[in-house]
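Nothing in this text is a laboratory measurement; each read-out follows from the coordinates by a stated rule. Quick caveat, the model's predicted, so the values are computed rather than measured. Neighbour counts run over all protein chains shown; Cβ positions are idealised from the backbone, glycine included.
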Amino acid sequence: MKATLSLLLAYISQHTNAFSIGNGRGNNIRSFDRQTPSFVQGPRRNELSSVLCATTASDSVDTAETAVPVSHSHTLAILTLPTTSTDRIANEAILTTCMSHTTDKLSIVLRCKDGISPGIHELRGYVGEIYSLAWDVVLNVQQSQDSEDLKLMDVIIYPQNLPNAAAEGWITHRKDLSSICSHDTVIGWESTSHGSGKDHDGVKGSGVGGLDQFVDAVNADRQSRGLDCVTSLPVENWPEAIWTDDSVVFLEDAVGDENNGDDSMSESNNNGLVGAYRVPSSSLFNSVAVGGTFDGMHYGHRKLLTLAVSSVLPNTGRLTIGITTDEMLKQKEFSYLIPKLDERIQGVRDFVDTLAPGMKNRVKIVPIVDKFGPPGCDDDTYKEKNDYDALVLSHETLETGRMLNDHRVNKLGMKPLKLLCTRRTEAHNMSSTTLRRIKYQKDVVNLCEDLDGDGI
């Protein structure tokens, strides 16, 4: 029997990633497999579970060994005042790098863009937005490093031109400052002329843009003051969504004709007004597609579907919702907890029919059996006419959208889709994977409590 259990445990260790979870009673930590094999539900379930539950802290994974190393006690992060979605995506990437590599203090400078002079109410609003973003990022970093202790570092935000707040130069003179983090597209430094950033990059007399050049200038100043040099902390995983082209539209950003009083929507009988809002014609499309797993229908899913519905022309436009089939989800984490396709389809249908009851006959839900779904195939594959003109997606999947457009142009000879992109604004830990992880952990804890109650 012991030999059989040893073989089962060896199988688990080779085919799954183990993680540790507390049983809710003291510090006893037990190690379980992330992906429960099918045989766990069979006759040997209790037998195997008893061995798993007997694993002590000495056998559990040491998350400290796999955590992202941190090496800076005090980092200066230089962000841009967020006026567009790409600004916010860039700021999040910078903060994620900072919080992954900083232990104690984080000073955040919000630089005004050239030619933009925000009012004090906007500066105050940005302060709240960045503090909220910092909270979200630190939770995500803690989760990615499998840390059980939530540690909030000392964070202070310094918007440029905020009354009475310290200037950026005062922060760069701090004795305990050890690193500076930003990105070349955000940072720039000035010498003899006013202004910084891309418009001043390489201009004679105004310095040279870029993180390394900025840090060099700061270090020259610090050395003249007898201070230790700081190091540059480049941004990891700079997001693809930062660079945009004509095919990409961020749904949360203002459209060019949104404030144009002469614009009207020809398909509407209310001169382009829906309720009290003017809807620009460039924001609406005849055939829109959106896709996903839609596991659990959490708020992020609901946001994506709502934006997709809002992008369809009233009366004549159509919406196709692609939902990934069960076969394509087998490699996902905790895949055995993902509801079956029919259940996920019903959840999407119930939500969309309640949100937009007038669109029932213009919304079609299609199971996805390949990477691109109906917009990336000929008419025969899905029995759907491939006349799509727009795809709704999150900025995290924008690269896939660009790949789809390349496929349409070069393989299918079709026009590229307008990529209607939404920036992820919900908390990092609000995801289908997180919901499945929570369910898994509850199941494991309940199993252990049952086994303890049986004296096993």
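Rounded to 0.05, the FRET efficiency of the T325 and R302 pair, given R0 = 22 Å and the Cβ-Cβ distance, is 0.50. Residues whose amide H falls under 5 Å from that of S287, counting only those 5 or more places apart or on a different chain, are R318, D389, A390, with hydrogens built in the peptide plane.
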